[in-house]
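The values are calculated or read from the model by the stated rules, or taken from the named source; none is laboratory data. Computed from a prediction, not measured in an experiment: that's the story for all the values here. When we count neighbours, we look across all protein chains shown, and the Cβ atoms used for this are built from the backbone with ideal geometry, even at glycine. Protein only, heavy atoms only, side chains kept; ligands, DNA and RNA dropped before computing areas. Shrake-Rupley method; radii C 1.70, N 1.55, O 1.52, S 1.80 Å.
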Amino acid sequence: MQKSLPPLPAVELRVPTEEDAWNWHRVFDDPEVMEFHGGASAEPSVYAELTARQRRHHAERGYCLYTMLDPADGAVIGFTGAQPWPHTDWGPVGEIEIGWRLGRKYWGRGYATAAARLALEHVRAAGVPHVVAMVDARNARSIAVTRRLGMRQAETFVSPVSRATGLCHRLDL
């Protein structure tokens, strides 16, 4: 007999606001959260540029990296969504990448999976035929999310900057 999984939590997505640059910086300002993303939270100006770019992506493409909200209290808990792979010299160049990042206190509750599923609905509606997720090979939590989304590991890349091994997972929509 198969064990049933607990239901996923409710989560809301919104197109990032200007204030979300500060919200993302605050939520991600934790070495554990940033372990596979350079070890430290980016400066607020980096998040300001990123949130502005996501607003443009949403206006032009119909999807972006969305701000994730806990509907119980409206707290910003992270981001999830999709955007074009940002590198032109390595990795899945030309692909649409789905990703997620959560504040530490929200780990292990199903938020990333629930939110990524919502984000995939926007990506599908925009007519994107498939997505990739690049995950650091040491990041067991994110690898588990890719599996829960039904993604399959397809390729392995080595980052020319960090020298970390990244696993490219794919999902046909």
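A compact table of results
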read-out: Qualifying residue in segment 118-126 (condition: touching a Gly at 6+ places or on another chain (Cβ under 8 Å) and part of a loop (DSSP other than H, G, I, E, B)); value: yes
read-out: Considering residues of segment 1-44 that are touching a residue at least 24 places away in the same chain (Cβ under 8 Å) and polar (S, T, N, Q) only, the residue surrounded by the fewest Cβ atoms within 10 Å (Cβ to Cβ); value: Thr17
read-out: Qualifying positions in segment 91-109 - open to solvent by less than 50 Å² (accessible area, probe 1.4 Å) and in a loop (DSSP other than H, G, I, E, B); value: Gly91, Pro92, Glu95, Gly103
read-out: Subset of segment 86-139 [within 14 Å of the chain's Cα centre (by Cα), acidic (Asp, Glu) and closer than 14 Å to Met151 by Cβ]; value: Glu97
read-out: Residue list for segment 116-143, restricted to those being over 11 Å from Ile98 (Cα atoms) and open to solvent by less than 80 Å² (accessible area, probe 1.4 Å); value: Leu118, His122, Ala126, Gly127, Val128, Asp136, Ala137, Asn139, Ala140, Ser142, Ile143
read-out: Selection status of Thr146, open to solvent by less than 60 Å² (accessible area, probe 1.4 Å) and either in contact with a His (Cβ under 9 Å, 6 or more places away or on another chain) or not in a helix (DSSP H, G or I) (or both); value: yes
